[in-house]
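Each remark here refers to the structure printed beneath this line.
The values are calculated or read from the model by the stated rules, or taken from the named source; none is laboratory data. Computed from a prediction, not measured in an experiment: that's the story for all the values here. Every residue, glycine as well, gets a Cβ built from its backbone with ideal geometry; the counts of neighbours run over all protein chains shown.
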């Protein structure tokens, strides 16, 4: 679970590692379809060894990403490009990656729509130098703190921009959270350096790891003894720049292109307690490699900036030190290595006051195994090998993936108690989920509820090949097309930030939303961040019937 979160949060910062297809050797008759140059933003100097990537948004057949590296002149040239929609961008070591049409550091940019034989005017990528935040972490006596975890974090509204068309799926997860985008450990002198930062505002947080950092390595490898601090009475709270233990009092640091800013911190004491207990399997035996985390109420990512996690010992005992008073959800997970492999899990509410909590008993279960049948109403079953059953909880922390077998039989294991939205990944564009029936309960919202201790019911999942489609264009007040806008389709009941489907407009302002359930919706478009004083974007209402395709024009302010 934690690995999925980290891959989501750092996706926009990491260098693309996808397989690339070598460009065909040019002949004299070949001409560039997409050409251009990568230069530095400051001075406009050509950048050698910049990596330029053209990636199909939805690859069909043998289409693969195309990649080139620039020479001394910073130029690139792509030939023989199949019609379609592409993600397009450039990056270079020491510079901020730039996506085509992006106006902000975290923006998804603009989709590049390529028609058959179309040639584009030479494009110019101006890469800004990445910024750096560095400094020193000291204790109350001014002595260096080695091995402290230091993070650069962005606020929730920046996270929504970073996630782009995926933001609606994770709105609840990020709405109250600073989102870490860079992390490091202090050296033996207490010094740290957070490099590769795009221009923007960052909150810096430091957590004393008791000299056991890099703890993230322990999380993913399962080695070490997380949370097993010594008996020292030194209890430093997670401290935010310029010197506070309250996230709401933190002051952002603004980084411009190429800036190197110093942000040193003195760790602060605050009354904290220890949360401890034991994790066991249903038969009373200790689980292998159990991992326990505390998530503050309404802020599931809080554990990332507070060190509120621990790996249980071999006998199942765990201790999480330095916990601030408050309401938490304690969650434990472990991977079963037996014959019936799966994730063992449990979670419960914990109230933390001024005294240690020492009596937690967390019983791990394999969760419920749900079986059922997937059928198609008035059509044929899509290729089962392309499909996966997905059960997603609202908070994003309980998700289960299941199999769709050749005959349409379904099976998903390890489902924890809770309410889930039912989805099927890999569906063709004209399919949608028409009906979800779990036992005697049918849900128009495609939901099912798994109750603790109850016998699992049969799941009936009915698909229809008659999905609706919405396409159209986004225009500004001057009736000009707006590229790189995020288009959101939501029901009248859904709040701002939630969505049924989203898309990014191409350079012509056009978008398409497929696989839609018939019903009444509103369509909104936004580009960039919305100022706090600004009302929501104008809404365009649309009603869809089965197999219907509607074209709308959406205005943007």
### Message
Report every pair of residues separated by at least 6 positions or lying on different chains whose Cβ atoms are under 6 Å apart, first residue within region 422-435 and free of Cβ contacts under 8 Å to residues at least 60 places away in the same chain, second surrounded by fewer than 19 Cβ atoms within 10 Å (Cβ to Cβ) and not in a loop (DSSP other than H, G, I, E, B).
### Response
423/390; 425/388; 425/390; 426/386; 435/462
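Within region 98-133, which residues are farther than 24 Å from residue 508 by Cβ and part of a loop (DSSP other than H, G, I, E, B)?
Quick first cut of region 98-133, residues farther than 24 Å from residue 508 by Cβ only: 105, 127-133.
Within region 98-133, 105, 128, 130 qualify.
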### Message
Going by what's in this entry, would residue 475 be described as farther than 18 Å from residue 515 by Cβ and in contact with a helix residue (DSSP H, G or I) (Cβ under 8 Å, 6 or more places away or on another chain)?
### Response
no
### Task
Output the residues belonging to region 48-96 that are free of Cβ contacts under 8 Å to residues at least 40 places away in the same chain, buried (at least 19 other Cβ atoms within 10 Å of the Cβ) and not in a strand (DSSP E or B).
70, 74
### Message
Whether any residue in region 456-466 is surrounded by 15 or more Cβ atoms within 10 Å (Cβ to Cβ) and more than 21 Å from residue 515 (Cβ to Cβ) is what I want to check.
### Response
yes
### Query
What number of residues in region 146-182 are surrounded by fewer than 21 Cβ atoms within 10 Å (Cβ to Cβ) and modelled with pLDDT of 90 or more?
3
## Note on the structure
Selection over region 302-360 where residues are on the phi > 0 side of the Ramachandran plot, modelled with pLDDT of 80 or more and part of a strand (DSSP E or B) yields a count of 1
### Query
Looking at (1) at pLDDT 80 or above; (2) closer than 25 Å to residue 460 by Cα; (3) crowded, with 21+ Cβ neighbours inside 10 Å, which is the only condition residue 378 fails?
(3)
### Message
Restricting to region 236-285, count the residues that are surrounded by 17 or more Cβ atoms within 10 Å (Cβ to Cβ), part of a loop (DSSP other than H, G, I, E, B) and modelled with pLDDT under 90.
### Response
3
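Conditions (1) under 22 Å from residue 474 (Cβ atoms); (2) modelled with pLDDT under 95, marked per residue:
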| site | (1), (2) |
| --- | --- |
| 61 | no, yes |
| 67 | no, yes |
| 73 | no, no |
| 97 | no, yes |
| 103 | yes, yes |
| 133 | no, no |
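How many residues does region 403-417 contain that are under 14 Å from residue 383 (Cβ atoms) and over 26 Å from the mean Cα position of the chain (by Cα)?
Just the residues of region 403-417 that are under 14 Å from residue 383 (Cβ atoms), to begin with: 403-408.
After this cut, where a residue has to be over 26 Å from the mean Cα position of the chain (by Cα) as well, the list is 405-408.
Adding up the residues that qualify gives 4.
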